[in-house]
Amino acid sequence: MTAIERRQYILETLSDRRSISVGNLAKECNVSIRTIKYDIESLSSSVPILTVPGPGGGIRVADGWYLSRRYLREDREALLRELLPELSPDRQDTLKSILVSFAKPKVKKPG
């Protein structure tokens, strides 16, 4: 499995399972834990991934994030939020539903 294939596998796994331990991912991909940590570090720049240390921890993705879903870029989301107060109430509701569907999920920090 190449690095690209492995990272795609990690994304698909997180999208389906929502969380997994680093050790289990390393076993499934037949690589070292350090390699998985490098992969997660690389993927974290574009995917809302959260790592939780300790028992019951592991690698998780933000609620609402799925691999096949397209998300608004931050600048586009900010513009839409800026325009929201200028709209009529019924159009505000429509825009809010768009933001809920396409805004990139925020990662919750543990604790």
Please list, in order along the range 60-72, the HN-Hα scalar couplings obtained from phi with the Karplus expression 6.51 cos²θ - 1.76 cosθ + 1.60 (θ = phi - 60°), rounded to whole Hz, x for Gly and Pro.
9, 10, 4, 4, x, 8, 9, 4, 7, 7, 9, 10, 6
Which of the lysines could a cross-linker span from LYS104 if the Cα-Cα distance has to be under 28 Å and same-chain partners fewer than 8 positions apart are dropped?
LYS37, LYS96
Which ³J(HN,Hα) values in Hz, rounded to whole numbers, follow from the phi angles of the range 2-12 under the Karplus curve 6.51 cos²θ - 1.76 cosθ + 1.60, where θ = phi - 60° and Gly and Pro get x?
7, 4, 5, 5, 5, 5, 5, 4, 4, 4, 5
Given a 10 angstrom Cα cut-off, can you work out which residue in LEU99, LEU79, LEU50 is the most mobile in a GNM of the chain?
LEU79
Given a cut-off of under 8 Å on Cα pairs at least six residues apart, what relative contact order in percent is computed for the chain?
27 percent
Give me the one-decimal Kirkwood hydrodynamic radius in Å for the range 1-109, with the sum taken over alpha-carbon pairs.
15.6 Å
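When the helix-only estimate is applied to the chain (DSSP H runs of n ≥ 4, each -39,500 (n - 2.57), divided by the residue count), what is the mean residue ellipticity at 222 nm, nearest 500 deg cm²/dmol?
My calculation for the chain gives -16000 deg cm²/dmol from helical runs alone.
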Ignoring solvent entirely, what values of log10 I(q)/I(0) come out of the Debye formula for the range 70-111 at 0.20, 0.21, 0.27 Å⁻¹ when each Cα is a single scatterer?
-0.63, -0.68, -0.93
Whether the range 3-61 is rounded, prolate or oblate, judged on the alpha carbon gyration tensor where a/c under 1.5 counts as rounded
rounded
The range 3-61, relative contact order [Cα under 8 Å, separation at least 6], %
38 percent
Sorted by chain and then number, the residues having a modelled amide H within less than 5 Å of the amide H of VAL61, at least 5 places away or on another chain, are LEU50
With everything on Cα atoms, drop me the angle between helix 33-43 and the longest principal axis of the chain, reported from 0 to 90° to the nearest 10.
20 degrees
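Read-outs throughout are calculated quantities, based only on the coordinates presented, and are distinct from any laboratory measurement. From a predicted model like this one, the values you see are computed outputs, not experimental measurements.
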